[in-house]
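I have placed the structure first, in the form of structure tokens, so that the comments after it can refer back to it.
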Amino acid sequence: MTFQITKAVIPAAGLGTRFLPATKAMPKEMLPVVDKPAIQYVVEEAVAAGLHDVLMITGRNKNALENHFDRVGELEATLEKKGDTDKLRKVNYSTELADMHYVRQGDPLGLGHAVLRAKMHVGREPFAVLLGDDLIDERDQLLTCMIEEQGKRNASIVALMEVDPEVAHMYGVATFEETDDPNVVRITGLVEKPAKGTAPSNLAIIGRYILRPEVFDVLEHTQPGKGGEIQLTDALEKMAAAPEWTGGVYGFIFRGRRYDTGDRLDYIKAIVQLAVDRDDLGPQLRPWLKEFASDLD
Ligand code: UTP
């Protein structure tokens, strides 16, 4: 039986230690990328793929995430009084974007544990997972293709990207078999953050997944793995090994633009790349950037 996918789960309960001290009292997902918090791009991506029911997994210190998608009466009234419709539209946009739901993770025991918190809300249907600090450029298609692939194969689908072997130890890395589609591989094994130089391939998992609900059954029995955390990668590896009842796991190879805003360098790159292409900022930023770069040597 195939289901239409309508639900997106966005884990955003991690501690964001790579961004301290900025993330001491503020979620990393609220860091602005140009003029929108990172999390808004992620919710917009889910909605653009037709997923209007969004469950965010949050934690302590994460109230700003809920506030961002809620009304803010005083600000709205002030802008209305001033007749500043442009800013009012920007404020209201995130409020009306999706049907938002929240659940707290309690302790951040790992991404797998965070996803398991979605069990009650999701029920027994396939659903999407979008990591709250991972941005996919809206000009590049990913989620819609993954949803289509899930419908075709009735399996779980993870997004993969070719990475430099030098950085493979920072990701979950796949072993795979090719399929008749050059963009799709069948996953035969996964290893979370392999030791440097031991990655089985250069195809790494990035923060987009379409999962069958059997993932909850597996996560319930998944023990803490790398870093003492309950790893989603470990659960997916078990699913890949038991296609009879899980449908197996396939990888969709993404060749577009992706920014890990939880990483400081990638965050800076994301802001520059998105800003240079904006009509309101690009024309001034581009010549400045060229001059700045030419002075660097
Ligand atoms: P990260 O690996 O980026 O971890 O998590 P982190 O703790 O947020 O960041 P650092 O490494 O300390 O800087 C990947 C995604 O999984 C979520 C995070 O919010 C992020 O979107 N996550 C991670 C949870 O929701 N809960 C967890 O227990 C762990």
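Things worth noting here:
- Sum of side-chain charges, Val218 neighbourhood, beta-carbon under 13 Å (Lys, Arg +1; Asp, Glu -1): -2
- Spin-label model, Asn63 to Glu125: label points 7 Å out along the Cα-to-beta-carbon direction sit 3.3 nm apart.
- Near Gly110, the amide H atoms lying under 5 Å from its own belong to Ile230; only residues 5 or more places off or on other chains count, and H is placed 1.01 Å from N.
- Under 13 Å of direct C-alpha separation, and excluding same-chain neighbours fewer than eight residues apart, Lys81 reaches no aspartates and glutamates at all.
- Shape category assigned to segment 110-168 from the gyration tensor of Cα positions, a/c cut at 1.5: oblate
- Simple rule: put +1 on each Lys or Arg Cβ and -1 on each Asp or Glu Cβ in the chain, find the dipole, and look at Val249, Phe176, Pro32; the Cα lying farthest toward the positive end is Pro32.
- The share of accessible area on segment 162-293 that comes from carbon and sulfur is 53 percent, using a 1.4 angstrom probe.
- Only Lys, Arg, Asp and Glu carry charge here, each on its Cβ (+1 for the first two, -1 for the last two); on that basis segment 185-276 has a dipole of about 560 debye about its Cα centre.
- Compared with the alpha-carbon gap, the fully stretched path from Lys290 to Ala22 is longer by 93.6 nm at 0.36 nm per residue.
- Pairs exceeding 21 Å between alpha-carbon atoms, taken from Lys7/Lys28; Lys28/Lys62; Lys87/Lys290; Lys90/Lys119; Lys36/Lys290; Lys152/Lys226: Lys7/Lys28; Lys87/Lys290; Lys90/Lys119; Lys36/Lys290; Lys152/Lys226.
- With contacts taken as Cα pairs under 8 Å and at least 6 residues apart, segment 2-80 reaches a relative contact order of 41 percent.
- With N as its number of residues, the chain has a Cα radius of gyration that, divided by 2.2 N^0.38 Å, comes to 1.03.
- For segment 122-138, backbone phi angles converted through the Karplus equation (6.51, -1.76, 1.60; θ = phi - 60°) give residue-by-residue couplings of 6, x, 9, 9, x, 8, 9, 10, 10, 6, x, 10, 10, 9, 10, 4, 5 Hz, Gly and Pro being listed as x.
- The chain, accessible area per residue, ligands and nucleic acids excluded (1.4 Å, Å²): 51
- Fraction of the pair-distance distribution of segment 50-195 above 22 Å, Cα-Cα pairs, percent: 57
- Highest-first arrangement of 11-17, 21-27, where packing means the average Cβ count within 10 Å: 11-17, 21-27
- Given +1 at the Cβ of Lys and Arg, -1 at the Cβ of Asp and Glu and no other charges, the dipole of the chain around its Cα centre is 620 debye to the nearest 20.
- Calculated from backbone phi, Karplus (6.51, -1.76, 1.60) coupling profile of segment 260-271 in Hz, x at Gly/Pro: 8, 6, x, 10, 4, 5, 5, 4, 5, 4, 4, 4
- Judged by the gyration tensor of its Cα atoms, with axes a ≥ b ≥ c, segment 1-46 is oblate; a/c meets the 1.5 cut and b/c is at least as large as a/b.
- Projected onto their three principal axes, the Cα atoms of segment 28-104 cover extents of 36, 29, 23 Å, largest first.
- Peptides 48-61, 99-112 ordered by packing proxy, namely the average of other Cβ atoms within 10 Å per residue, highest first: 48-61, 99-112.
- Given charges at beta-carbon only (K, R positive; D, E negative), |dipole| of segment 1-71 in Debye: 340
- Karplus-derived 3J(HN,Hα) values for segment 199-216, using 6.51 cos²θ - 1.76 cosθ + 1.60 with θ = phi - 60°, are 4, x, 7, 9, 9, 10, 6, 10, x, 9, 9, 10, 10, 7, x, 4, 4, 5 Hz; glycine and proline are entered as x.
- Taking a ≥ b ≥ c as the square roots of the eigenvalues of the Cα gyration tensor, segment 143-297 is classed as prolate, since a/c reaches at least 1.5 and a/b is larger than b/c.
- Peptides 208-217, 120-129, 62-71, 84-93, ordered by how many other C-beta atoms sit within 10 Å of their residues on average, highest first, read 208-217, 120-129, 62-71, 84-93.
- For the chain, the longest principal axis of the Cα atoms and the long axis of helix 282-295 meet at an angle of about 80 degrees.
- Accessible-area composition of segment 13-99, carbon plus sulfur, in percent [1.4 Å probe]: 53
The values are calculated or read from the model by the stated rules, or taken from the named source; none is laboratory data. The model shown is predicted, which means the values in this text are computed figures rather than measured ones. No Cβ is skipped: glycine too gets one built from the backbone with ideal geometry, and neighbour counts run over all protein chains shown. When the accessible area is computed, the model is the full protein with side chains, heavy atoms only, and any ligands, DNA or RNA have been set aside. Shrake-Rupley method; radii C 1.70, N 1.55, O 1.52, S 1.80 Å.
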